[in-house]
Amino acid sequence: MLSVLVPVFNWDIRNLILKLHQQCLETGIEFELMAVDDFSTDPEIQSKNREIQLPHFRLIELEKNVGNAEARNILARTAKFNWLLFLDADMIPAQKNFIQVYLEEIQKNNFDIMSGGILYEDQVAKEFQLKWLHGKKTEEQIPGKDPYLEIRGNNFLVRKEIFLQNPFGGLPENYGYVDTHFGLKLKVSKATVKIIDNPCIHLGLETNPKFVEKHKKAVRNAFWMMNNQAEMAENLKIIRTYKKLKSLGLRKIFGWIFRKFEKKMLANLHSEKPSLFLFQLYKLGYICTLKEE
């Protein structure tokens, strides 16, 4: 019936697995719980995760790091049931009936993919403010007009056959627009998607500097899509804005401004009170420095 799949890298999953296991048992369904350790580098965390001894649970440890997207693909290929529920290791269900809600959606709907959404804690330490503010604004939101752009890879349910036809991957960087790229592939294949209210709380936040660097990867992925998958890239706001600037002859000017003021922008983005507006300008300026193929 249900394969619950968790890619993990340097994260203690004992609490998550225990909660998921208990909820699955309460539903009475046939299930499996499987985690793939993507060559974690923290021996203490690895040891803790190896302690998990539960019926229907399996931990697979990879011999090299393949990235989150490929770890999901490995989980999907290994899973034995027809429905796959993906959760990232740093997520925790917000509700005690999390599994039951997904099962009810399966019974009353005929969708291929359902995504339950993300919540963030009410307060976080100052060094995580940028990721927290960004997540609150862009992920804790009412679903938009296009459900394919709202799929969150860290909390979604999918038919196994649909996933295997549309696996994760295909972008040069391992972070940034990975979920969007996956959703757009599903759109092209005409798979059906529903966004539901069944969130998980995202616990694993990056520090401000690390989050900025990861988003530079995301910008490079968007830029690559523009050059190699132009039709898909039109769905990305940053690409539409970039093209508008280019058509107005402003791309080089924005690139120059970015280079001149990058250090000052970073001073704000790395601070305890980062500006999301400045963060958007930073990403737009950065993409204007990249060279088109």
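The values are calculated or read from the model by the stated rules, or taken from the named source; none is laboratory data. The shown structure was predicted, so the numbers you read here are calculated from the model rather than taken from an experiment. Heads up, the Cβs are rebuilt from the backbone with ideal geometry, glycines too, and the neighbour counts pull from every protein chain shown.
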Does segment 78-89 contain at least one residue that is in the same structural domain as residue 182 (by TED's automatic domain parsing) and out of contact with any strand residue (DSSP E or B) (no Cβ under 8 Å at 6 or more places or on another chain)? no
Would it be correct to say that residue 77 is basic (Lys, Arg) and either at pLDDT below 95 or not in a strand (DSSP E or B) (or both)? yes
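In this structure, is residue 221 crowded, with 16+ Cβ neighbours inside 10 Å and within 15 Å of the chain's Cα centre (by Cα)? Let's see the steps before the verdict.
On the way: crowded, with 16+ Cβ neighbours inside 10 Å: yes; within 15 Å of the chain's Cα centre (by Cα): yes.
Here the answer is yes, as residue 221 does meet what is asked.
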Any chance segment 262-280 includes a residue that's within 30 Å of residue 161 (Cβ to Cβ) and surrounded by fewer than 16 Cβ atoms within 10 Å (Cβ to Cβ)? no
Looking at this structure, is residue 131 surrounded by fewer than 19 Cβ atoms within 10 Å (Cβ to Cβ), assigned by TED's automatic domain parsing to the domain that holds residue 170 and touching a residue at least 40 places away in the same chain (Cβ under 8 Å)? no
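Looking at segment 216-227, is at least one residue among the small types (Gly, Ala, Ser) and more than 18 Å from residue 178 (Cβ to Cβ)?
As a first pass, look at segment 216-227 and keep what is among the small types (Gly, Ala, Ser): 218, 222.
Okay, now just the ones that are also more than 18 Å from residue 178 (Cβ to Cβ), so none.
Among the residues of segment 216-227, not one is among the small types (Gly, Ala, Ser) and more than 18 Å from residue 178 (Cβ to Cβ), which makes the answer no.
Residues 30, 104, 121, 70: which one is surrounded by fewer than 19 Cβ atoms within 10 Å (Cβ to Cβ), assigned by TED's automatic domain parsing to the domain that holds residue 185 and either farther than 30 Å from residue 136 by Cα or in contact with a strand residue (DSSP E or B) (Cβ under 6 Å, 6 or more places away or on another chain) (or both)?
Working: 104 fails: either farther than 30 Å from residue 136 by Cα or in contact with a strand residue (DSSP E or B) (Cβ under 6 Å, 6 or more places away or on another chain) (or both); 121 fails: either farther than 30 Å from residue 136 by Cα or in contact with a strand residue (DSSP E or B) (Cβ under 6 Å, 6 or more places away or on another chain) (or both); 70 fails: either farther than 30 Å from residue 136 by Cα or in contact with a strand residue (DSSP E or B) (Cβ under 6 Å, 6 or more places away or on another chain) (or both).
Every option except 30 fails the conditions.
Tell me, which helices (runs of 4 or more DSSP H) lie completely within segment 205-293 with 2 or more residues that are closer than 27 Å to residue 89 by Cβ and not assigned by TED's automatic domain parsing to the domain that holds residue 173?
Values: elements: 208-228, 230-233, 237-247, 251-269, 276-287.
Fully inside segment 205-293 and qualifying: 208-228, 276-287.
Among the residues of segment 177-190, which ones are over 14 Å from residue 73 (Cα atoms) and buried (at least 20 other Cβ atoms within 10 Å of the Cβ)?
Restricting attention to segment 177-190, the residues satisfying the condition of being over 14 Å from residue 73 (Cα atoms) are 177, 180-181, 183-190.
Across segment 177-190, the qualifying residues are 177, 180, 181, 183, 184, 186.
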Expected output for segment 92-107 (first residue in contact (Cβ under 8 Å) with a residue 24 or more places away in the chain, partner of a type in the set (Ser, Thr, Tyr), Cβ below 8 Å, 6+ apart or cross-chain) is 99/27; 100/27; 103/27
I'd like to know if segment 51-66 contains one or more residues that are among the aromatic types (Phe, Trp, Tyr), buried (at least 16 other Cβ atoms within 10 Å of the Cβ) and without any contact (Cβ under 8 Å) to a residue 60 or more places away in the chain. yes
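Just name the residue that is surrounded by the fewest Cβ atoms within 10 Å (Cβ to Cβ) out of those in segment 38-50 that are farther than 27 Å from residue 103 by Cβ and touching a strand residue (DSSP E or B) at 6+ places or on another chain (Cβ under 8 Å).
Applying the first criterion (farther than 27 Å from residue 103 by Cβ) to segment 38-50 yields 38-48, 50.
Now drop any that are not touching a strand residue (DSSP E or B) at 6+ places or on another chain (Cβ under 8 Å), which leaves 38-40, 46, 50.
On the way: 38: 22, 39: 15, 40: 18, 46: 17, 50: 11.
Checked segment 38-50; the qualifying residue surrounded by the fewest Cβ atoms within 10 Å (Cβ to Cβ) is 50.
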